[in-house]
Every structure is written in C-alpha cells, then in structure tokens.
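Heads up: the structure comes next, in structure tokens.
The values are calculated or read from the model by the stated rules, or taken from the named source; none is laboratory data. The structure displayed is predicted, hence computed values, not measured ones. Note: ideal-geometry Cβ built from the backbone for every residue, glycine included; neighbour counts use all protein chains shown.
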Amino acid sequence: MAAPEPDVLLDGSHDAPPAVTARGVRVRLGGHEVLHGVDLDAFPGEAVAIMGGNGSGKSTLVRAVVGALPASGGSIEIFGARRARSVASRIGYVPQRASAGGGVTATAREVVQSGLLGASQLRLPRDSKERAMRALDELGVADLARRDVASLSGGQQQRVLIARALVREPDLLILDEPMAGVDVPSQEALATALTARRDAGASIIVVLHELGLLGPLVHHAVVLDQGCVTHIGEPPRALGLHALPGHDHEHPHADAAEPDGSTFAWEVRP
Amino acid sequence: MMDLITDPIVQRMMIVAVLVGLSAPVVGTYLVQRRMALLGDGIGHVALAGVAAGWLAGSWAGLAEQDALAIPGAVIFAVAGAVVIERLRSRGIAAADVIMAILFYGGIATGVLLISAAGGSNANLMGYLFGSISTVSWADVWVTVGLSLAILVIGIGLRSALFAVTHDQEFAQSTGLPVAALNLVVAVLAAVTITASMRVVGVLLVSGLMILPVAISQLVTRSFTRTMTAAMVIGVAMCVTGVGITLFHDLQPGALIVVLGVVLYTVVASSAGLVRHRRRQRDHAAISHEARPHTEGAAA
C-alpha cells in the first residue's frame, strides 16, 4: 500500500494543475492571529499530511481552506478558484467528529445523503438513497444505514462521516483528524477507502496527530508549530523521525529502540 | 354532536388547531436539532411587544377593532427579534446569552406596559399570554392558513438543506450550501410559527407546542424525517384533543394542550423505558439459556 508517485515530472514539478495552492495564509480567531502565513500545496493523486501538536493550527488551516473560517491574509486557491464555494461541489470535507451531530436522531443514511447537497442543489437527487448506500458500503458500514448515528461507536460514526464526504465523489478530500478515537478495524477500512480514492486521482489533505495506518498513503507532510510551518517535505517517519517540533506526545509503542537504547521519538533533526 | 360540528366557532377552532398542530412541530424539529429548544420561548416574549405595539397603533389610528394590527405587529417584532438572535448566535458573540435575556424580558415587559397604555384589559393580556382560540374570527383563520402553509411549504420543501445546516454547519459550509441564508430561514420560520400559534396556546406556551411533539416523537423514531412526520401527527392530536375537551369542559385550551403533551411524553417515555428493560431482560435470559448446557456439560 506504499504511496505511488503522483504525476511528478523529472524536474520535480507536477504535470497536473494543483488542487490547492495556499500562500501566506493568516487566520485570526477571537482577536488573536493563530496562523502566521502558512503555505500549502496539494496535487491530484497526492496525499498531504498536516501534522503538529495541539493548538498548532492544523484544524484552523483546513477550515480556512474549505471556507469555514475566513482568512485574514494571504491567498487560497482551490482548482484555480479564489472562493471555496464556487468549487465546493468538487470538495469532500470530514470535520472533526465532535462538530457533527444534532439534537434530533438521524440515521446514518440520512447523514450521508446530506453530503449530496450543494450551492445549486438544495434538494436531494432522486438516486440519493442508492448513492448513500454505495458510499456506506465502500466504508463497510452499509448494515448501519438505518441506525441512529448517535448510537454508533466512534469508529462507526467516523466511517459514516467519511462516507458523507465520499458520496460527493470529490476531487479534493480534506479530513480533520479522521483517526482520532477510532478502533483499528475502522482505521484499516478508512486507510483502504482513502488509498482507493487517491489512486483514482483525488487529492487528499489529512490532518493527523501521528501517521499511524495512514503512513503509507502520505506523500509529504506539512508540520505546523504555533501557527507557523516548521517542515514541508517527507513525512516525519520517512525521515527517520517519529515527530518534528510541535508534536507534543511520545509513542513508546511505535518505534523500536535504537541499539544505544534511545528512540527516534526524541530525535529532532534540523 | 351535530350541533357542535356545524357550529362556526367550533369549525374555526378546529381548523386553526389542526393547522397549528401540523406546522409548529416542523419548525420545532429544526430548533431541537440545533439544540435551541428555548428559542421559541424567547421570540414569543418579543412577539408580545409586537402585539402591544400593534394594539397601540390600532388605538391611535382609531380602528374599530383595537387589536386589528396585533398580529401584523407580532409578525414584525418576532421576525426582527429572530433575526437579531440569529446574528448573535452565528457571530458567536460571548455575551449573546445576556443580550438575549435583555431582549426577551424587555420584550415581555414592554408588551405588558404598552397593552395597559393602549387601554387593554387583563383579559386581553391573558388571551395573548395563554391563547384565546375561542375568539378567532374567519379573518384570523385565513391569516393562520396563510402562515401555516408558508411554514409547511418552506419547512418541508427545504427539509434536506435545513437538516444539513442544523446537523453539521461546518460540513454544510464546505458543500457550498447558503448556510447564512438557511439559518435565517429557520429563525424567520420560528418567528412566523410563534405568531401563527399565538392564538391557540399564547406566547408563553408556544414553545411547548413546537418542542413537545418532537420530544415525544424522538422517543419512538430513529430517523430525522420520521421524527418530523410523527411530531406533526402528535401535534395535531394534541391540539384537536385539547380543543375538543374544552368544548365540554370549561378549561383553558392552550394550557390543556401543553399539559396533554407533557402527560403523553411521560407515558411514552415510561413505556419506551419499560420495553427497553424487558428487551434487555429477554436478551439476558436467552444468553443465560444458551450458556447453561455448556456449563452443565462442563460440570458433568
């Protein structure tokens, strides 16, 4: 499941136009600037991980990209357009699970069907049920279609929310911490579904605390620390680093100890 | 019985009861979904100031019916109040709850003061606070028909989009849905529902008619669409039963409708709890039964 090279030319450039080009993005929240000029590029057939510790600005960056937060500076272009709304039909977004949910029960299928709506689509298309079922099936949760989403486990809920994004058949898939609080079988199902989408040519931006099972999917990583980019390039694990600055927790289970007893988790290279 | 059915007053009461019972839970479903079940209560307080302002305007204009402008006044004030509340909510203003409290209590206090200034009696005030369905005219019926139809057409016609926005606003924004406009639609629908329901249950109890049917429906349904549909049926049943009982007993219809809803909620919640408990016991017994032969076999 190693990441295949996207459409990269010999000189390192891409032959396809970028899905996302963000330059010097600044975002203010509650009167404070939390992103201080961040750059981000994502190309078709490529998966980019946005990494960093708590409060580093990972979620703020993707929320600005999808238009859920206004940028106070810099520029964000998605498929060449300056406003996310004009290309929204090509975007599939999976927000952090905590933001989903309401006071009235809703079935998994209803939640996935809502992913078929858009700027010029205020009512569900006729085949919305079939398309929702196909998306749920892709994530291996078709049998949960009639269940109340609030009664599902964390991993099952996450699969439903990803099915809601996939039902849009997006060219750009943006996921905010999709692995948080998710059991291993669900993580495997998510990794398989995302790999299939990337291989089909979709661009994927995924906010991660650690690479985990999505490691083989990721081409390169953007690491943030306190709203600034501290690293762009190979994912930390590929560099032999468990984490770069901004990663605020250790994983003694993840890396084998070096002969001298140290682990990569504490090694930081310039 | 035939006398009752052919009585125009009863006919008007029943038409209004059915329309309000049908439309109030539609909007109530979106408010519960957004966890703003008490919004209707607040807008109701503001609507009372509108009733009073309309009353005062009618009094100054020397209209034959002093309260002819009460409903238009309520619509204007309720919509304005709902828009202000929605703006506060969507901008995430820290002191929004305090501002809303000032708006709500300012609304009801202004309403009481203005009605007394316009020469209204305590009976008039009570009618708006707790409903006065027996006094509805055919003109009131037509206003209710218009408002209820608007609520039903928009509330049901835009159900998918309104569900998406009230379920997960951040995702809805990413899809390109006009989130701000749809949020405003929910707020204005709430304001119009309150005005339409005012004659039946009054501004103080209107939230009960919007929320109780949804709360009862939620106990027995799993899908959003079925919750809304069942809530509409329950809303009509509550209103028609309440109004029907007051034809034979001298009781306040608005209060009776809400009390009926509370009783129904208690009965359904208890029954649902009992069913779940029995199901768990049965499942437990089945597991024990399956496990026993192995245990006995092992012991042997």
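Results for (1) of a type in the set (A, V, I, L, M, F, W, C); (2) in contact with a Lys or Arg (Cβ under 7 Å, 6 or more places away or on another chain), shown as yes or no for each residue.
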residue	(1), (2)
A:S75	no, yes
A:A81	yes, no
A:R90	no, no
A:E130	no, no
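In this structure, A:V48 does not qualify as of a type outside the set (F, W, Y), within 14 Å of chain B (Cβ to nearest Cβ) and within 21 Å of A:G201 (Cβ to Cβ). Taking the criterion of being β-branched (V, I, T), in a helix (DSSP H, G or I) and either farther than 21 Å from B:L158 by Cα or more than 10 Å from every other protein chain (Cβ to nearest Cβ) (or both), the residues of the stretch B:171-210 that qualify are B:V185, B:V186, B:V188, B:V192, B:T193, B:I194, B:T195, B:V200, B:V201, B:V206.
Quick check: is even one residue across the stretch B:155-170 away from every other protein chain (no Cβ under 14 Å), among the aliphatic types (A, V, I, L, M) and surrounded by 24 or more Cβ atoms within 10 Å (Cβ to Cβ)? No, the stretch B:155-170 has no match at all. In this structure, does B:S217 turn out to be in contact (Cβ under 8 Å) with a residue 24 or more places away in the chain, within 12 Å of another protein chain (Cβ to nearest Cβ), within 25 Å of B:V165 (Cα to Cα) and not charged (D, E, K, R)? Here the answer is yes, as B:S217 does meet what is asked. Restricting A:E177, A:E210, A:E169 to those that are touching a His at 6+ places or on another chain (Cβ under 9 Å) and within 14 Å of another protein chain (Cβ to nearest Cβ) reduces the list to A:E177. Do we find a residue being out of contact with any strand residue (DSSP E or B) (no Cβ under 7 Å at 6 or more places or on another chain), more than 14 Å from every other protein chain (Cβ to nearest Cβ), more than 17 Å from B:G202 (Cα to Cα) and without any contact (Cβ under 8 Å) to a residue 24 or more places away in the chain anywhere in the stretch B:34-57? The answer is yes; a qualifying residue exists. Quick one: in the stretch A:213-223, of everything that is out of contact with any His (no Cβ under 9 Å at 6 or more places or on another chain) and touching a residue at least 40 places away in the same chain (Cβ under 8 Å), which residue is surrounded by the fewest Cβ atoms within 10 Å (Cβ to Cβ)? The residue in question is A:P216.
Exactly one residue out of A:L69, A:L122 is facing chain B (nearest Cβ under 7 Å) and either under 22 Å from B:L182 (Cβ atoms) or among the β-branched types (V, I, T) (or both): that is A:L122. Would you be able to say whether some residue in the stretch B:217-235 is of a type outside the set (A, V, I, L, M, F, W, C) and at pLDDT below 90? Within the stretch B:217-235 (the criterion being of a type outside the set (A, V, I, L, M, F, W, C) and at pLDDT below 90), the answer is yes, since at least one residue qualifies.
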